[in-house]
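The values are calculated or read from the model by the stated rules, or taken from the named source; none is laboratory data. Values in this document were obtained by computation on a predicted structure and should not be read as measured data. We place every Cβ from the backbone using ideal geometry, glycine too, and count neighbours over all the protein chains shown.
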Amino acid sequence: MATADKEIARQPITTTTYSGVPTNNITRGLPKTVESICPDPDCGKVINARLFAEDGKVFMDKTCPQHGYYKDLYWSDVALYLKAEKWEFGDGKGLSNPTTYSEICPRDCGICQRHTSHTALGNIDLTNRCNLTCPICFANSNVTGKIYEPSKEEVMEMLRLYRAEQPVAGRLVQFSGGEPTIHPDFLEILRGAKEMGFSHIQVASNGIKFADPDFTMRAAEAGLHTIYLQFDGVDDHVYRQTRGRNLLEYKLKTVEAVRKAGIKIVYVPTIAGGINEDQVGKILRFALDNIDVSSGISYQPVAITGRINYQERMKLRFTLPDLVRCIEEQTGIASKDDWYPLSFVQPISKIISSVRGADTVHITCHPHCSLGTYLFIEQNTGRAIPITRFTDIEGMFREIEVQAAKTKASRFKRFAQMNAFYQLQKYYKKEKAPAGLDFTRFLQTLDGFFDKDAGRGEKDGTYTNKTLLVAGMHFMDAYNYELERVRRCTIHYATPAGRIIPFCAYNGGLVHRRAIEDQFSVPLEEYRQRRREKGQEIN
């Protein structure tokens, strides 16, 4: 691994954002000191935190002068933690037109002059209303008694915020909530996003309305590509714990409706220790059994909010290495060696940008935000094979990083591109590859990961191989908050206030969601009156 470290270190690292603010890259190694916040809900003061190894795990501890000492589990495997931070390729440069200028991070939040990443996935909350009352949800109008539901015109303005980002305009958008499908203008909003030029449109949903095949078909015709389907397990006892009612019937009907509509599903399980970690492998098996409609799984370890003591947090904590362990123990499909952080794929973005002569979306998130692996599905057997089993993945991505720089400097882009692909072939192990997957098809599949139009391919699947992205995204809460991660976030929320806010600042830590919803919400009775005046049914 020493060679890999040396080669990565030689890659050029951005020293400033477009606004001229030094980025300095991430703090490496253990132990180390990072900026965090006090977890007390009434405080949120920026304080230093220590990350350190103990009993083979990584912990964070910190002391607030007013509220005392806190300790929490950060990653349950030191070796995986250190491996992840080796596989990032430098910071991005953020936006050349940031939506705000701030010196008080994370309190005065937006994609400001210090943020190092542009938007990879843009979120827009369509409503805080929902047709469920989930005990584990952070977006719930039933708690506040107020309705946050931007009008179609306000949503279009938020979409324009993403499209106006420079130098890389937002291309991927997700509508969320609450339950976004119950917004009265939901289908019109999908059409508007499509007309505005978003190349990929997805919806985070509990699936209740998508269980109706007619509704799903109309959504697909309006421009929907993917449903991020809340999917905590394959047994109803799990849903009774996490969502308060039986829901498996709706999930299964949604899968069938998606199959008829010709779109895709990413399954999104919220995993909490002692509640549904036994479902991790079952969810993966379910996705593979329905691979014709499955494009990925995004496991999300639960974020813990409120005043909860250390012992209770330790029961609930489920970290990314726990996900890796559960996948191996419950399925045997992938082991620790098969997992890498999302930042690992940044070289592919670089070489695409070099070939096109224009910037594209770069995944410059912090390496401790996520872990994932790609499974390639063998055509005849349906066997799932991690990409790491038939490629020297580390050598290949180091090579892509080098070839991206050469292609960028070359006057003959097409020739440089052909040479780059030739160089990559030596990292491909044909004898270990899935049956029917030659090197050309493998490259086409990689291209499809980043070019959504290419990835959709032809309906018969001749352009790309069937794959399943299996990943975990551990969004932060106040107990494990780290400002280095917030400033590198690539998943953002657009707001009616004209600001774009990183995911973990919007939903965790100081929870900017509250301030936005307070500013743009109306009392429940006023909301009902407005709907009645418009002749709209309240669903």
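Exactly one residue among ARG50, ARG107 is of a type in the set (D, E, K, R), surrounded by fewer than 19 Cβ atoms within 10 Å (Cβ to Cβ) and either in a loop (DSSP other than H, G, I, E, B) or in contact with a Gly (Cβ under 7 Å, 6 or more places away or on another chain) (or both), and that residue is ARG107. Any residue in region 153-165 that is in a loop (DSSP other than H, G, I, E, B), modelled with pLDDT of 95 or more, over 29 Å from GLU249 (Cβ atoms) and under 18 Å from the mean Cα position of the chain (by Cα)? Within region 153-165 (the criterion being in a loop (DSSP other than H, G, I, E, B), modelled with pLDDT of 95 or more, over 29 Å from GLU249 (Cβ atoms) and under 18 Å from the mean Cα position of the chain (by Cα)), the answer is no, since none of the residues qualifies. Out of GLU188, GLU179, one residue alone is charged (D, E, K, R), touching a residue at least 24 places away in the same chain (Cβ under 8 Å) and within 21 Å of ARG513 (Cα to Cα). It is GLU179.
Looking only at residues that are polar (S, T, N, Q) and modelled with pLDDT of 95 or more in region 16-47, which one is surrounded by the most Cβ atoms within 10 Å (Cβ to Cβ)? Within region 16-47, the match that is surrounded by the most Cβ atoms within 10 Å (Cβ to Cβ) is SER36. Just to be sure, is THR63 touching a strand residue (DSSP E or B) at 6+ places or on another chain (Cβ under 9 Å), in a loop (DSSP other than H, G, I, E, B) and of a type in the set (S, T, N, Q)? No; evaluated as a whole, the condition is false for this residue.
For ARG513, the test of being under 26 Å from LYS93 (Cα atoms), among the basic types (Lys, Arg), within 23 Å of the chain's Cα centre (by Cα) and surrounded by fewer than 22 Cβ atoms within 10 Å (Cβ to Cβ) is passed. With the checklist (1) touching a strand residue (DSSP E or B) at 6+ places or on another chain (Cβ under 6 Å); (2) in a loop (DSSP other than H, G, I, E, B) in hand, flag the one item THR100 doesn't pass. Only one criterion is unmet by THR100, namely (1). Restricting to region 481-525, and then to whatever is of a type outside the set (A, V, I, L, M, F, W, C) and without any contact (Cβ under 8 Å) to a residue 12 or more places away in the chain, can you tell me which residue is farthest from GLU179 (Cα to Cα)? Looking at the filtered set, the residue picked out is GLU525.
Looking only at region 288-337, residues that are over 21 Å from ASN507 (Cα atoms), over 23 Å from the mean Cα position of the chain (by Cα) and surrounded by 15 or more Cβ atoms within 10 Å (Cβ to Cβ) come to 2 in all. Remark: pairs (first residue in region 310-321, closer than 11 Å to LEU73 by Cα; second residue polar (S, T, N, Q); Cβ separation under 7 Å; 6+ apart in sequence or on different chains) = THR319/SER76.
Restricted to helices (runs of 4 or more DSSP H) entirely inside region 274-355, those with at least 3 residues that are within 20 Å of HIS368 (Cβ to Cβ) and touching an Asp or Glu at 6+ places or on another chain (Cβ under 8 Å) are 320-331. Pairs linking a residue in region 253-271 that is within 16 Å of ILE297 (Cα to Cα) and in contact (Cβ under 8 Å) with a residue 60 or more places away in the chain to a residue that is among the acidic types (Asp, Glu) and crowded, with 21+ Cβ neighbours inside 10 Å, with Cβ atoms under 6 Å and 6 or more positions apart or on different chains, are THR270/ASP232.
A single entry from LYS336, LYS406 fulfils the requirement of being modelled with pLDDT under 90 and among the basic types (Lys, Arg): LYS406. For region 369-392, the candidate set comprises residues that are surrounded by fewer than 19 Cβ atoms within 10 Å (Cβ to Cβ) and hydroxyl-bearing (Ser, Thr, Tyr); within that set, the residue that is farthest from ILE297 (Cα to Cα) is THR381.
Residues considered: ILE271, ILE263, ILE348. Of these, the only one that is closer than 19 Å to VAL58 by Cβ and surrounded by 18 or more Cβ atoms within 10 Å (Cβ to Cβ) is ILE271.
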